[in-house]
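Heads up: the structure comes next, in structure tokens.
The values are calculated or read from the model by the stated rules, or taken from the named source; none is laboratory data. Because the structure is predicted, anything quoted here is derived from the model rather than measured. Counting neighbours? That spans all protein chains shown, and the Cβs are built from the backbone with ideal geometry, glycine included.
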Amino acid sequence: MTTNASTTSPDATSELAAYIDHTLLKPEASEADILRVCQEAAQYHFKSVCVNPVWVKTVNRALQGTGVLTCAVVGFPLGASNTDVKVFEARGATMDGADEVDMVINIAAARALDKESLIADISAVAEVVHAEDSILKVIIETSLLSDAEKVLACQAAVEAGADFVKTSTGFNGGGATAADVALMRQTVGPDLGVKASGGVRSLETAKEMIAAGATRIGTSSGIAIVSGTTGTSSY
């Protein structure tokens, strides 16, 4: 796979597209914007379309028959909602058709090294998400945590039954780095998914994240990535 769009092979492009959660989380996004993203995801065979919960029904309908999954964020972007609110939001998203849920942890608990609270928060959401046979990704917001806090948050996600850990919301400063992805992969082991998100705008960066251990890429620059160019926004 090369960074030149004209020489990137179709097979390599398809392989990379399957890593991408095509994302639109801007609060001002319109229905037309959401439908455009769904059309793009179907055209390029991205893994999912990731949106705010208000758009889940729209996305689920638009993606019927495409093979592209519907993904919703929960507790987004601060993670500071009470657990029962996250549970309610996650249940609503899966009932509306979300195949995957990306939840933000209690970041203050991670910074306090309060593993018990993290496990309680994540496991409550995992229970309702898994009840609908959906996937749970846990956003730990790496830019706000020390390495020790990142490790603790990832350990909590594993113990709480999450399916993925995810670097960032893209809304709280910073974003994915290869070093953080490698640390997360080392912590969770080979079986859990690792999603790199926030600031992934180019083919080169996406390949770097995958080499570090990412199994999913969250970005609004998916078309640019598979085309070998550089996007202007991570969300």
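What the table shows:
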| read-out | value |
| --- | --- |
| Breaking point among (1) in contact (Cβ under 8 Å) with a residue 60 or more places away in the chain; (2) over 26 Å from ALA131 (Cβ atoms); (3) not small (Gly, Ala, Ser), for LYS150 | (1) |
| Any hit, region 114-133, residues being buried (at least 21 other Cβ atoms within 10 Å of the Cβ) and more than 21 Å from CYS154 (Cβ to Cβ) | yes |
| Filter result for the condition that a residue is among the charged types (D, E, K, R), modelled with pLDDT of 95 or more and closer than 16 Å to THR23 by Cβ, over ARG216, ARG185 | ARG216 |
| Residue check, ASP102 under 17 Å from THR23 (Cα atoms), surrounded by 19 or more Cβ atoms within 10 Å (Cβ to Cβ) and either in contact with a Ser or Thr (Cβ under 8 Å, 6 or more places away or on another chain) or not hydrophobic (A, V, I, L, M, F, W, C) (or both) | yes |
| Any hit, region 155-162, residues being at pLDDT below 95, surrounded by fewer than 24 Cβ atoms within 10 Å (Cβ to Cβ) and among the polar types (S, T, N, Q) | no |
| Conditions (1) of a type outside the set (Phe, Trp, Tyr); (2) farther than 21 Å from SER81 by Cβ; (3) surrounded by fewer than 22 Cβ atoms within 10 Å (Cβ to Cβ): number failed by THR219 | (3) |
| Tally of residues being more than 17 Å from the chain's Cα centre (by Cα) and farther than 15 Å from GLU100 by Cα across region 35-57 | 7 |
